[in-house]
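Comments concern the structure below.
The values are calculated or read from the model by the stated rules, or taken from the named source; none is laboratory data. All values reported here derive from a predicted model rather than from experimental measurement. For neighbour counting, all protein chains shown are included, and Cβ atoms are generated from backbone atoms with ideal geometry for every residue, glycine included. Only protein heavy atoms, including side chains, enter the accessible area calculation; ligands, DNA and RNA are left aside. Shrake-Rupley method; radii C 1.70, N 1.55, O 1.52, S 1.80 Å.
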Amino acid sequence: RDCLFKLSYIDLEHKFLGKESIAQKRIQMGALLAKRQPVKNADYIIPIPETSIFNAQGFANESKVPLVNAIFKKRPKTQTLFIKNRKEKIKKIFSFIPNLIQNKRIVLVDETVISGLSLKTILNIIREFKPKEIHIRVVCKPMIRKCPKNDFSNKWKFAPKNYKKYFKVNSFGYLSPNDLEKFASCCYCFGSNNDNSVEFGPDEKKRY
């Protein structure tokens, strides 16, 4: 696929790339993440809704750790990346199941981190439930650059690079640019040295 951001966040799960669906691609990415960045003695794999659900499934399949949906979005569902007053709205959008978190070693799986606001807000709530350990695994290395062809990242602030310290978690892991290039020809925003970016089409722009 030409753009990693499309593959990981914009593309619809049921659409196909060749003979495989976007969902299958995301499962493969999650499985590779589990190989590269395993977490020992984890109790549960928990996806952060909802683009990362298939990534988390791949991570769980590979690591043989149960996947549980301990976080879910209230309806009507909203993409949190593109809303105003995000911090307060994020608190209202997500619901949690505390007894699937309390005293557990949990692995939170997300597709990537941009500013980190959503993840920090979710972590602040999760800590109230007193998990034993919190490990973060994001498939795409956190975004570090603006897209050369599209304007969606022009005003975004990127999270500080000491991710483990910034998010105050036990560990923080992600796939390398070399691994990501196996799935998309352009991973430039996520740290690749190769700019193969393309401009988004009208329908894709509507989604972000």
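Numbers for the structure displayed
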{"read-out": "Residue list for the stretch 176-208, restricted to those being in a loop (DSSP other than H, G, I, E, B) and more than 18 Å from Ile22 (Cα to Cα)", "value": "Ser176, Gly191, Ser192, Asn193, Asn194, Asp195, Asn196, Ser197, Val198, Glu199"}
{"read-out": "Of all residues in the stretch 50-64 being open to solvent by less than 20 Å² (accessible area, probe 1.4 Å) and free of Cβ contacts under 8 Å to residues at least 60 places away in the same chain, the one that is farthest from Asp11 (Cα to Cα)", "value": "Ala60"}
{"read-out": "Those helices (runs of 4 or more DSSP H) lying entirely in the stretch 16-135 with at least 1 residues under 15 Å from the mean Cα position of the chain (by Cα), at pLDDT below 95 and farther than 17 Å from Leu4 by Cα", "value": "117-127"}
{"read-out": "The stretch 19-31 residues that are free of Cβ contacts under 8 Å to residues at least 40 places away in the same chain, paired with ones that are among the β-branched types (Val, Ile, Thr) (beta carbon under 9 Å, 6 or more apart)", "value": "Ala23/Ile53"}
{"read-out": "Inter-residue pairs, beta-carbon under 8 Å, first surrounded by fewer than 18 Cβ atoms within 10 Å (Cβ to Cβ) and in the stretch 167-178, second of a type in the set (Asp, Glu) and not in a loop (DSSP other than H, G, I, E, B), 6+ apart", "value": "Asn170/Glu133"}
{"read-out": "Test: residue in the stretch 146-165 that is open to solvent by less than 20 Å² (accessible area, probe 1.4 Å), assigned to a helix (DSSP H, G or I) and within 26 Å of Glu62 (Cβ to Cβ)", "value": "yes"}
